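Have a look at the structure below, then the notes.
Quick note: the coordinates plus some simple rules give every number you see, no bench work behind them. These numbers come from a predicted model, not from an experiment. Here the Cβ positions follow ideal geometry from the backbone for every residue, glycine too, while neighbour counts run over all protein chains shown.
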Amino acid sequence: MAQRRQLEMFAKGKIVGMLESGRSQTEVSRILNVNQSVISRLWQRFQRKGDVTRRPVSGRPRVTTSRQDRYLAISARRQRGSTARALGSALTVATGIRISRQTVYRRLNHASLYARRPPVSIPLTSAQKRARLNWSLKHQHWSVGEWANVMFSDESRFNLRTDSRRVTIWRERGTRFEPRNMSERHHFPSRRVMVWASIMMDGRTDLHFFDTGSVAGQRYRDEILQPYVRLFRGACGPDFIFMDDN
């Protein structure tokens with residue numbers, strides 16, 4: 001037997017129609033797979049009121065007004081890194097209303113704002129951004145064969161200690177990579193390991209680990225250009241293009 005549940009209006013009308021046609025409540029319960037107690041209450045309501053609509057149920061009143069909800073959303077958009085607790089406290093100072101963190105989350109979710117971890121990016125100057133955009137526009141119609149001659153490389157530093165801080169921002173869906181929702185990393189912790197690798201259309205290099213110290217011209221040539229890039233260039237020929245990280 002199905003569990004007790006709220007019925008749709010069509011199902012309610014069907015139950016009443018079957019009962020009025022002379023079927024018993026037990027029979028209707030079996031045919032429609034609806035608990036007999038639900039059918040009994042529905043039939044009593046119909047006989048008493050003449051219809052099967054339910055009385056509106058009064059729920060818990062909302063703690064905040066629509067104006068206060070807008071205040072929360074505006075505050076979150078202006079201070080995207082604020083925590084739910086901080087936003088709730090700011091609302092209390094401004095209006096005297098106290099709300100829980102869960103209420104802050106619900107109000108902001110209703111305003112299409114969600115707490116998400118921001119992607120980390122390296123800081124780029126305006127000139128670097130323009131250069132990357134222009135390069136992308138210039139090569140957007142390249143064929144697979146042309147891209148097969150390009151070698152993309154990058155180097156990165158990894159922190160050797162775990163960063164336990166969980167930083168989130170408030171943002172709308174689909175806006176993850178908008179500049180305002182990204183976190184730029186200008187420096188790296190003192191304890192770190194530096195690695196380099198590159199990819200091409202049909203393969204990739206091994207991950208190269210650098211020992212301590214800076215990676216300048218002579219070292220870059222000896223550890224990267226000679227053992228890795230030179231081999232790919234020889235395989236591709238004169239059309240080879242090496243794309244460094246910047």
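Between helix 9-20 and the chain, what is the angle of the helix's C-alpha long axis to the longest principal axis, kept within 0 to 90° and rounded to the nearest 10? The answer is roughly 30 degrees. Here the chain is assigned +1 on the Cβ of each Lys and Arg and -1 on the Cβ of each Asp and Glu. Its dipole about the Cα centre then comes out at about 2280 debye. Taking a ≥ b ≥ c as the square roots of the eigenvalues of the Cα gyration tensor, the stretch 9-48 is classed as rounded, since a/c falls below 1.5. In the stretch 29-159, taking the dipole from charged Cβ atoms about the Cα centre, the farthest positive-side position among PHE46, ILE74, VAL34 is held by PHE46. Report, for the chain, the % of DSSP beta bridges that are antiparallel, rounded to 5. For the chain, the DSSP antiparallel bridge percentage is about 75. Does anyone have the angle between helix 101-110 and the longest principal axis of the chain? Alpha-carbon axes, 0 to 90°, nearest 10? Once rounded, the angle reads 90 degrees. Helical runs assigned H by DSSP (4 residues or longer) give the chain a calculated mean residue ellipticity at 222 nm of -11500 deg cm²/dmol, each run adding -39500 (n - 2.57) before division by the residue total.
Packing, as the average of other Cβ atoms within 10 Å across residues, places the peptides 223-229, 173-179 in the order 223-229, 173-179, highest first.
Computed from the C-beta positions of HIS110 and GLN218 and an R0 of 51 Å, the FRET efficiency is 0.30 to the nearest 0.05. Which angle from 0 to 90°, rounded to the nearest 10, does the C-alpha axis of helix 66-78 make with the longest principal axis of the chain? Tilt of helix 66-78: around 10 degrees. Here are several values of Cα Rg over 2.2 N^0.38 Å: (i) 1.80; (ii) 0.98; (iii) 1.03. Which one was derived from the coordinates shown? Answer by label: (i).
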